[in-house]
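Asker: Submitted below is the structure of interest, expressed as structure tokens.
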Amino acid sequence: MPSWRVTDARGIAPDVMSTGSLDDLAGERVVSETAEEVADAVASWIAAQARRACGDHGSFSIALSGGSTPRLLNAMLAGPEWRGRIDWTCWNVYFADERACPPDDPASNYHFARATLLSRVPIDPGRVHRMPAEREDLDAAAAEYSHLLATSLAAEGDRAPRLDVILLGLGENGHTASLFPGTPALEVTDRWATRGLADYEPFDRITLTFPTINAAAAVGFMVTGAAKHEALAATARGDVPASRVRPTDGTLAWFLDAAAAAG
Ligand code: 6PG
């Protein structure tokens, strides 16, 4: 089955199933039948964004998320279909969030990205910028990452540093990155990364803040499975942290499978 492209909320293509409660999701929705097709759509989107960025300013900066959803995508990017079609030499890899654990801990988002993607493609390790969340002082570690973002990425005036792409997941409670409901990180507007607090282990985190996420040139959510439908509907209603992802002058795309889109 093809991927359906649901443009903005009023521009639904004729053959697209109704996504009902998601019609108020900001941005573009790309609904695919299966999780594999979602991963392929996201790989294609990332490759296009990377081509554009490399052609425009000679580099491509992408912030990766953790969780289980990116596993299929990472395998696809490192696989025979995509690996040879991407110029990895211009990639600079950042992270949307990180758990407070050593980088070789299976719970680490860096560990996950390294095992499933970074060790399998020719990205210069010196251009992979992990969040040092193993540090005792997470506030200092977050401040250090803020500084890294500010000094390695372009920014307009005093606005947040601009990543070319931020790839996000969506938790069942509507969190994204490590911006969890009811936590102080949601209100941080003067720093580009801050400490986060999750409601599952590892509780302590470092996360990008909303100013950084909303300064990106392109933000893509990758959401699969019927269990995420209610979180998507809550996002569309404006009820959860993910609702606050609204790129200031960038694009927002939701890559969904039919199960997540239809519930
Ligand atoms: C993390 C992620 C987190 C994740 C969502 C969705 O560190 O856990 O960055 O924000 O993207 O929780 O996770 P799944 O892909 O496992 O559903």
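Asker: Within 10 Å, count the other beta carbons around each residue, average over each peptide in 236-247, 59-70, 95-106, and list them highest first.
Answerer: 59-70, 95-106, 236-247
Asker: Throw me the Rg/Rh for the chain, computed over C-alpha atoms with Kirkwood Rh, two decimals.
Answerer: Numbers: Rg = 17.2 Å, Rh = 18.3 Å.
My calculation of the ratio gives 0.94.
Asker: What does DSSP give for the chain in terms of the percent of beta bridges that are antiparallel, rounded to the nearest 5?
Answerer: Just about 35 percent of them are antiparallel.
Asker: Can you check what the net charge comes to around GLY55, using other residues whose Cβ is under 13 Å from the Cβ of GLY55 (Lys, Arg +1; Asp, Glu -1)?
Answerer: On the way: positive: ARG51, ARG52; negative: ASP56, ASP87, ASP164.
So the surrounding residues net to -1.
Asker: Enter the Cα centre distance for the pair the range 162-195 and the range 42-75, rounded to the nearest angstrom.
Answerer: 19 Å
Asker: Restricting to Cα atoms and excluding each atom paired with itself, what does the Kirkwood estimate give for the range 156-252 in Å?
Answerer: 13.6 Å
Asker: For ALA115 and ASP190, compute 0.36 nm times the residue count separating them, minus their Cα-Cα distance, and round to one decimal in nm.
Answerer: Result for the pair: 23.7 nm of gain on full extension.
Asker: Excluding SER108 itself, calculate the net charge of residues whose Cβ lies under 15 Å from the Cβ of SER108, where each Lys or Arg counts +1 and each Asp or Glu counts -1.
Answerer: Once all neighbours under 15 Å are counted, the net charge is -1.
Asker: Roughly how many percent of the accessible protein surface of the chain is carbon and sulfur, given a 1.4 Å probe and a whole-percent answer?
Answerer: Carbon plus sulfur share of accessible area: 51 percent.
Asker: Taking a spot 7 Å from the Cα of TYR200 along the direction of its beta carbon, which residues of the range 242-258 have an amide N less than 18 Å from it?
Answerer: Under cut-off, by backbone N: 242.
Asker: In addition: With +1 on the Cβ of every Lys and Arg and -1 on the Cβ of every Asp and Glu, and nothing else charged, how large is the dipole of the chain about its Cα centre, in debye rounded to the nearest 20? Don't skip to the answer; put the middle values down first.
Answerer: Working: 23 positive and 35 negative charges, 105 e Å.
So the dipole magnitude of the chain works out to roughly 500 debye.
Asker: Let me ask something else. With every protein chain kept in place and ligands, DNA and RNA left out, what is the accessible area per residue of the range 98-202? Probe 1.4 Å, answer in Å².
Answerer: On the way: 4940 Å² over 105 residues.
Ligands and nucleic acids excluded, the result is 47 Å² per residue.
Asker: At ALA227 and ALA155, where each label point lies 7 Å from the Cα along Cα→Cβ, what is the point-to-point distance in nanometres?
Answerer: It is 3.7 nm.
Asker: Quick one: if you stick a label point 7 Å off each Cα along the C-beta vector at ASP239 and ARG83, how many nm between them?
Answerer: For ASP239 paired with ARG83, the spin-label model returns 4.4 nm.
Asker: Same structure, new question: Any chance you could list the semi-axes, whole Å, largest first, of the equivalent ellipsoid that the Cα gyration tensor gives for the range 31-117, using √(5λ)?
Answerer: In descending order, the three semi-axes are 22, 18, 11 Å.
The values are calculated or read from the model by the stated rules, or taken from the named source; none is laboratory data. None of these values were measured; they are calculated from a predicted model. Heads up, the Cβs are rebuilt from the backbone with ideal geometry, glycines too, and the neighbour counts pull from every protein chain shown. The accessibility values were calculated without ligands, DNA or RNA, using every heavy atom of the protein model including side chains. Shrake-Rupley method; radii C 1.70, N 1.55, O 1.52, S 1.80 Å.
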